[in-house]
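The values are calculated or read from the model by the stated rules, or taken from the named source; none is laboratory data. Just so you know, these numbers come straight off a predicted model, no measurement behind them. Note that each Cβ is placed from the backbone with ideal geometry, even for glycine, and that neighbours are counted across all protein chains shown. Calculation scope for accessible area: heavy atoms of the full protein, side chains included, ligands and nucleic acids excluded. Shrake-Rupley method; radii C 1.70, N 1.55, O 1.52, S 1.80 Å.
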Amino acid sequence: MTSAFDWQGSVGRNWATEWRRTDTSFSDLTPHLLKAVEAESATRIVDIGCGAGEVAIAVACARPQVRVTGADISPDLILAADQRGSGIANLSFVLADASQWSDPDGAPDLIISRHGVMFFADPPAAFAHLAAVASARARMVFTCFRAPAQNEWATAIAGLLPPTEAAASSPFAPGPFAFADPEHVQRCMAGWRDVTFTPVDFTYVAGEGDDPVGEAMALFHRIGPSAFAMRTLPEAERAAFEKRLLELVEAHYDGTRVAFGAAAWLVTASSDHSHG
Ligand SMILES: C[S@@+](CC[C@H](N)C(=O)[O-])C[C@H]1O[C@@H](n2cnc3c(N)ncnc32)[C@H](O)[C@@H]1O
């Protein structure tokens, strides 16, 4: 479970410090999302849970005539996004809870997100709000993880954790896998219709560059379930966990990068208001 409170605090801070590495981890998925976004017509785009802004920046640069706003609940991530995106005239970032925020400059006709919509405490209320503040003909395009069992990076790390650390909470609790089940996502997407799910299998790149193993270890120290374990395990268990993590990372080093299998949904939908 990753709550709004976590994102506003230490989790958001770690993602802000690690944005180069988290962007790398998604680098094989991002082109699929950008291609789907490119296929949509739009005059105002909002990126929900924009994080450090990579997707919003790419979209704003590709479509200079379109106004792009990235919204995120983490002050640290909005600061990072602002710094990265400064000087791009058609781009802005706003610190906001997207489940309650509306853009004072006008209703978006395209809402996008890379893995940013699975963390709402009350998803149907949040999606109904997004539909209400978007234009009547709005479209939505986002990605989210499929089931943990299809995400090798997650199962491999869960396999290293002591049983209590790996204990599952509700599969629908806000978190990276909350939107794994399409039927659940359909139920959550109040105010949206014609919801489509396209499976995208991709490589989760945990590390690359001059020191891929070191990069992957740095990522896993700060991001995801391994970071949580590192913070919460007793000292004696932590050292053993770290050793197993290093062995796992080394086993996934293919000579160029540290790579794990990953699986996402690419989801599209239309505002239900366009019917009314
Ligand atoms: C997994 S991260 C993805 C970040 C970014 N889209 C990316 O791909 O790098 C999820 C993001 O959703 C943001 N988030 C969570 N709940 C939110 C909410 N209610 N409103 C706005 N942003 C939220 C978090 O702060 C975080 O930046």
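Could you tell me what percent of the DSSP beta bridges with both partners in the chain are antiparallel, to the nearest 5?
If I count the DSSP bridges inside the chain, around 55 percent turn out antiparallel.
Modelling each spin label as a point 7 Å along the Cα-to-Cβ direction, I'd like the Asp181/Ala125 distance in nm, to one decimal.
About 2.2 nm separates the two model spin labels.
Quick one: which residues, 5 or more positions from Leu266 or on another chain, have an amide H under 5 Å from its amide H? H modelled 1.01 Å from N in the peptide plane, none for Pro or chain starts.
Thr198, Val200
Of Phe228, Phe202, Phe26, which is the most mobile in a GNM of the chain whose springs link Cα atoms less than 10 angstrom apart?
Fluctuation is largest for Phe228.
Between Glu250 and Thr17, what is 0.36 nm times their sequence separation minus the Cα-Cα distance? Round to one decimal in nm.
81.5 nm
Once amide H atoms are built 1.01 Å from N in the peptide plane, which residues 5 or more positions from Cys50, or in another chain, come under 5 Å H to H?
Under 5 Å from the amide H of Cys50 lie the amide H atoms of Ala71, Asp72, each far enough along the sequence or on another chain.
Multiply the residue gap between Ser3 and Glu40 by 0.36 nm, knock off their C-alpha separation, and tell me the result in nm, one decimal place.
Gain in length upon complete extension: 10.3 nm.
Quick query: amide H of Ser27 versus all other amide H atoms, modeled in the peptide plane; which residues come in under 5 Å with a sequence gap of 5 or more or a different chain?
Excluding prolines and chain starts, which carry no amide H, the hits are Val205.
With θ set to phi - 60° and the Karplus curve 6.51 cos²θ - 1.76 cosθ + 1.60, what are the ³J(HN,Hα) couplings of the stretch 92-99 in order, to the nearest whole Hz, using x for Gly and Pro?
9, 10, 9, 7, 7, 7, 5, 7
First measure r as the distance between the Cβ atoms of Asp210 and Lys243, then evaluate 1/(1 + (r/R0)^6) with R0 = 30 Å and state the FRET efficiency to the nearest 0.05.
With a Förster radius of 30 Å, E is 0.80.
Per residue of the chain, what 222 nm ellipticity follows from adding -39500 (n - 2.57) for every DSSP H run with n ≥ 4, rounded to the nearest 500?
Helices in the chain give a 222 nm mean residue ellipticity of -11500 deg cm²/dmol.
At q = 0.15, 0.23 Å⁻¹, what log₁₀ I(q)/I(0) does the stretch 82-211 have when each alpha carbon counts as one equal point scatterer in the Debye sum?
Evaluating at q = 0.15, 0.23 Å⁻¹ gives log10 I(q)/I(0) of -0.89, -1.41.
In whole Å, largest first, what are the principal axis extents of the Cα atoms in the chain?
59, 39, 31
With every protein chain present, what is the per residue accessible area of the chain (1.4 Å probe, Å²)?
Heavy-atom accessible area per residue stands at 44 Å².
How much length is gained if the chain between Ala136 and Ile88 is pulled fully straight, taking 0.36 nm per residue apart and subtracting their Cα-Cα distance, in nm to one decimal?
Taking 0.36 nm per residue and subtracting the Cα distance, the gain is 14.5 nm.
Considering only protein heavy atoms and a 1.4 Å probe, what is the carbon-and-sulfur percentage of the accessible area of the stretch 96-189?
Within the stretch 96-189, the accessible surface is 57 percent carbon and sulfur.
Over what distance in Å are the Cα centres of the stretch 115-179 and the stretch 210-264 separated?
Taking the Cα centre of the stretch 210-264 as reference, the centre of the stretch 115-179 is 22 Å away.
Could you order the peptides 30-36, 45-51, 84-90, 118-124 from most to least packed, using the average number of other C-beta atoms within 10 Å per residue?
The densest-packed peptide leads the list: 45-51, 118-124, 30-36, 84-90.
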